[in-house]
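Data block below; observations after.
Throughout, read-outs are computed from the coordinates displayed, never taken from laboratory work. Please read these numbers as outputs of a predicted model, since none were measured by experiment. Note that each Cβ is placed from the backbone with ideal geometry, even for glycine, and that neighbours are counted across all protein chains shown.
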Ligand SMILES: C[S@@+](CC[C@H](N)C(=O)[O-])C[C@H]1O[C@@H](n2cnc3c(N)ncnc32)[C@H](O)[C@@H]1O
């Protein structure tokens, strides 16, 4: 993802949008690689945004916005971003909203800027292998949970709710995302490539693949 940003980098300042950035994992890595970058992080979750504020401080502009709303981008500090980066997030949006969002993101980029979306997006020509890869990945994940090597999604949220600072924010989050998680919609990578082409990007393709996960890229 960051190699692609570097490849299209032109004059300073480098402006990056970390979309549905959660705690700021992409922003932190981007700042390690590009210390002078102007980062904007957008998300809706008050608990994750509090962690993002704590770890990023004044090194990023943090914006609370709901990507399901068509006016979500009106509070962004910039237009003409060099790159929009997003990971494990856009499967929270339904198909029609994501198609429209892709067009909105194109408009937020400068000509020559790029969008990278990394997420669970299987290769639809590999159904049997994908099933087997997922089964193995699930076994490895279950072993890590059983060994206490990492927290599961629900264990992480339970732990966050025990923290006195985060507890009220986690309660707010349960109101925003009543099911704990938005409905998931996981089309194959080919769906994303078609939607990005229809959104008007001039180059579209797969930047990276690891098992059933992939990063698709689109150049304005
Ligand atoms: C699994 S997290 C990924 C966070 C970050 N990109 C990362 O890789 O660490 C998914 C993120 O999408 C955000 N999200 C989901 N629906 C959203 C929406 N409608 N508007 C803004 N953010 C949303 C969630 O709040 C959450 O922070």
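Can you give me the relative contact order of the chain as a percent, contacts being Cα pairs under 8 Å and 6 or more apart?
About 22 percent, as a whole number.
Among 153, 92, which comes first, then next, by fewest other beta-carbon atoms within 10 Å? Provide the component values of the computation, followed by the final result.
Details: 153 9, 92 19.
Final ranking by Cβ density, sparse to dense: 153, 92.
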Item checked: Least to most buried among 26, 176, 62 (fewest other Cβ within 10 Å first) -> 176, 62, 26
Checklist line | For the chain, built as a Gaussian network whose Cα springs stay under 10 Å, the top-fluctuating residue of 27, 11, 190 | finding: 11
Check: Stretched out fully, how many nm does the piece from residue 12 to residue 198 gain, at 0.36 nm a residue minus the Cα gap?
Finding: 63.9 nm
Checklist line | Potential extension, residue 174-residue 137 segment - 0.36 nm per residue separation minus Cα distance | finding: 10.5 nm
Item checked: Radius of gyration and Dmax over the Cα atoms of region 1-132, both given in Å -> 15.1, 47
Check: In µm²/s, what is D for region 79-148 at 10 °C and 1.306 mPa s, where D = kT/(6 pi eta Rh) by Stokes-Einstein and Rh is the Kirkwood radius from Cα pairs?
Finding: 107 µm²/s
Item checked: Rel. contact order, % - alpha carbon contacts under 8 angstrom, at least six apart, region 21-99 -> 29 percent
Next item on the list: Run through the DSSP bridge list for the chain and note the antiparallel percent, rounded to the nearest 5.
Entry: 40 percent
Checklist line | Three semi-axes of the equivalent ellipsoid, region 148-195, Cα gyration tensor, whole Å, largest first | finding: 30, 16, 8
Next item on the list: Please report 104, 38, 10, 198 as a ranked list, fewest other C-beta atoms within 10 angstrom at the top and most at the bottom.
Entry: 10, 198, 104, 38
Notebook entry, point to check: Can you work out D for region 1-54 in µm² s⁻¹ from Stokes-Einstein, where Rh is the Kirkwood radius over C-alpha pairs, the temperature is 10 °C and the viscosity is 1.306 mPa s?
Noted result: 138 µm²/s
Checklist line | Inter-part distance where region 1-26 and region 51-91 are each reduced to a Cα centre, Å | finding: 11 Å
Next item on the list: Calculate for the chain the 222 nm mean residue ellipticity that helices alone would give, adding -39,500 (n - 2.57) per DSSP H run of length 4 or more and normalising by residue count, nearest 500 deg cm²/dmol.
Entry: -12500 deg cm²/dmol
Next item on the list: Find the all-direction average of the projected area of the Cα convex hull for region 18-85, expressing the result in square nanometres with one decimal place.
Entry: 4.3 nm²
Item checked: Anisotropy class of region 105-192 from Cα gyration tensor, a/c 1.5 cut -> oblate
Notebook entry, point to check: Along each of its three principal axes, how wide is the spread of alpha-carbon positions in the chain, in whole angstrom units, largest first?
Noted result: 47, 45, 32
